[in-house]
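**Student:** Quick one: structure below, then a few questions.
The values are calculated or read from the model by the stated rules, or taken from the named source; none is laboratory data. Keep in mind that this is a model prediction, so the values were computed, not measured. All Cβ positions, even for glycine, are placed from backbone atoms using ideal geometry, and neighbour counts span all protein chains on display. These area figures cover heavy atoms from the full protein model, side chains too; ligands, DNA and RNA do not enter into them. Shrake-Rupley method; radii C 1.70, N 1.55, O 1.52, S 1.80 Å.
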Amino acid sequence: MSTPQVSLQLWSLREETKTDFVSTIKAVAAMGYQGVETAGWGNVDAATGATAIREAGLKVSGMHVGIAALRTEFNRVVDEALLCDTRHIICPFWPKTHYRSAAACRQIGRELNDIGARLRHMGFQFHFHNHDGEIALIDGRRGFDWMLDAAAPENLGCEADVYWLKVGGKDPATFIREQGRRISLLHLKDEKEIGTGPVDFTTVFSAAESINAIEWYVVEVEQYNHAPLESVRQSLQQLRDWGKA
């Protein structure tokens, strides 16, 4: 496996893309990101957005797609992935109130498995992105463990979010090693800009490199010490300073 490329989860610039998706993409490319992970299309449609990303010289490392769209607009999701020339489709969220028991978590995992199987047969790889809710202990195990165990690895990958793992009480490096090659996309997030919060990125990168499966490091910034564009620029610079971008 070659060195992972670095993309930006566009939720980091959600207000900017609502106003001017195309100019925002150009700014991300100028910073030196190699790709973006989509989270909707801001003020443009999918075709315009995909063209803007391609013309900026960026790749789409993956698409975040809500469970409602995966259930009811499957063909549209596939069409947008084809427009973007990406093989990675990610379910980014599940209401934590649904994690009521081990049986409930297993049922969620089975549904995700079925969606992932449909996508796999069409040439895509499906993933689930965690928050802290999946990391809570439920009937003696973490909810995410119940979910992942109910799905075949080839049908459901794990886009691990290192910040939410940490906040949820699970050491990110340990989790990465436990899940191994199930993780081909890794969300790099901290309290605010990368390197300013509680995540120990030294151990994260050591674990990530040891599993030799990660294709993309995906930067996400949800809270900011600076204007959002400056925050994502500084986060990329920090990765460069560490030799990871």
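**Student:** Could you rank ASP200, ASP85 by how accessible they are, 1.4 Å probe, largest area first? Write out the running numbers ahead of the final one.
**Tutor:** Working: ASP200 80, ASP85 135 Å².
Largest to smallest exposure gives the sequence ASP85, ASP200.
**Student:** May I ask what percent, to the nearest 5, of DSSP beta bridges between residues of the chain are antiparallel?
**Tutor:** Numbers: 2 of 28 bridges.
Within the chain, antiparallel bridges account for around 5 percent of the total.
**Student:** Once the dipole of the chain is set up with Lys and Arg at +1 and Asp and Glu at -1 on Cβ about the Cα centre, which of GLY40, ALA52, ASN155 lies farthest towards its positive end?
**Tutor:** ASN155
**Student:** Show ARG76, ARG181 ordered by accessible area, largest first, where the area counts protein heavy atoms only and the probe is 1.4 Å.
**Tutor:** Working: ARG76 90, ARG181 160 Å².
These residues rank, largest area first, as ARG181, ARG76.
**Student:** Starting from the Cα gyration tensor of region 97-245, multiply each eigenvalue by 5, take the square root, and state the resulting semi-axes largest first in whole Å.
**Tutor:** In descending order, the three semi-axes are 27, 17, 14 Å.
**Student:** How many percent of Cα pairs in region 42-93 exceed 18 Å?
**Tutor:** Values: 380 of 1326 pairs.
Tail fraction, whole percent: 29.
**Student:** Okay, moving on. How big is the accessible area of MET63 in square angstrom, nearest 10, if you roll a 1.4 angstrom probe over the protein chains?
**Tutor:** The accessible area comes out at roughly 0 Å².
**Student:** Continuing with the same structure: Place +1 on the Cβ of every Lys and Arg and -1 on the Cβ of every Asp and Glu in the chain, take the dipole about the Cα centre, and give the residue among SER2, GLN125, GLN234 whose Cα lies farthest towards its positive end.
**Tutor:** GLN125
**Student:** Shifting gears a bit: On a C-alpha basis, how far is the centre of region 186-228 from the centre of region 1-43 in Å? Whole number, if you could?
**Tutor:** Their Cα centres are 16 Å away from one another.
**Student:** How about region 129-210: which chymotrypsin sites (Phe, Trp or Tyr not before Pro) there are in a DSSP loop, with at most 12 other Cβ atoms within 10 Å of their Cβ?
**Tutor:** none
**Student:** Local charge sum around ALA47 (other residues, Cβ-Cβ under 14 Å, Lys/Arg +1, Asp/Glu -1)?
**Tutor:** My count for the surroundings of ALA47 gives -3.
**Student:** Please figure out what share of the DSSP beta bridges in region 1-145 is antiparallel and state it in percent, rounded to the nearest 5.
**Tutor:** Details: 2 of 15 bridges.
Bridges in region 1-145 are about 15 percent antiparallel.
**Student:** Students often get this wrong, so check it: of LYS59/LYS166; LYS166/LYS192; LYS170/LYS244; LYS18/LYS244, which have C-alpha atoms separated by over 21 Å? Numbers along the way, then the final one.
**Tutor:** Numbers: LYS59/LYS166 29 Å; LYS166/LYS192 14 Å; LYS170/LYS244 23 Å; LYS18/LYS244 30 Å.
Among LYS59/LYS166; LYS166/LYS192; LYS170/LYS244; LYS18/LYS244, the Cα-Cα distance tops 21 Å for LYS59/LYS166; LYS170/LYS244; LYS18/LYS244.
**Student:** Taking a probe of 1.4 Å, how large is the accessible area per residue of the chain, in Å²?
**Tutor:** On the way: 10350 Å² over 245 residues.
Dividing the accessible area of the chain by its residue count gives 42 Å².
**Student:** Once the other residues with Cβ under 14 Å from the Cβ of ASP114 are scored (Lys, Arg +1; Asp, Glu -1), what is the net sum? Don't skip to the end; give the middle numbers.
**Tutor:** Values: positive: ARG71, ARG106, ARG110, ARG118, ARG120; negative: GLU111, GLU154.
So the environment of ASP114 carries a net charge of +3.
**Student:** Could you give the C-alpha radius of gyration of region 1-135 expressed as a fraction of 2.2 N^0.38 Å, taking N as the number of residues it contains? Can you show the working numbers first?
**Tutor:** Values: Rg = 15.7 Å, N = 135, 2.2 N^0.38 = 14.2 Å.
With N residues counted in region 1-135, Rg over 2.2 N^0.38 Å equals 1.11.
**Student:** Report in % the part of the accessible area of region 17-59 that belongs to carbon and sulfur, leaving out ligands and nucleic acids; probe 1.4 Å.
**Tutor:** Details: 930 of 1930 Å².
For region 17-59, the apolar C and S fraction of the accessible surface comes to 48 percent.
**Student:** Suppose every K and R has +1 on its Cβ and every D and E has -1 on its Cβ; what is the size of the dipole of the chain about the Cα centre, in Debye to the nearest 20? Don't skip to the answer; put the middle values down first.
**Tutor:** Working: 26 positive and 32 negative charges, 82 e Å.
Rounded to the nearest 20 debye, it is 400 debye.
**Student:** Which three numbers, in whole Å and largest first, are the semi-axes of the equivalent ellipsoid of region 60-154 derived from its Cα gyration tensor as √(5λ)? Write down the numbers at each step before the final one.
**Tutor:** Details: eigenvalues 125, 30, 25 Å².
Values for region 60-154, descending: 25, 12, 11 Å.
**Student:** What order do LYS189, LYS96 take when sorted by accessible area (1.4 Å probe), most exposed first? Write down the numbers at each step before the final one.
**Tutor:** Values: LYS189 5, LYS96 120 Å².
Largest to smallest exposure gives the sequence LYS96, LYS189.
**Student:** How big is the shadow of the Cα convex hull of region 124-185, averaged over all directions, in nm²? Kindly include the intermediate steps, with their values, before the conclusion.
**Tutor:** Values: hull surface 15.5 nm².
Mean shadow area of the hull around the Cα atoms is 3.9 nm².
**Student:** Could you pull the accessible area for SER23 with a 1.4 Å probe, rounded to 10 Å²?
**Tutor:** In the full protein context, SER23 sits at about 60 Å².
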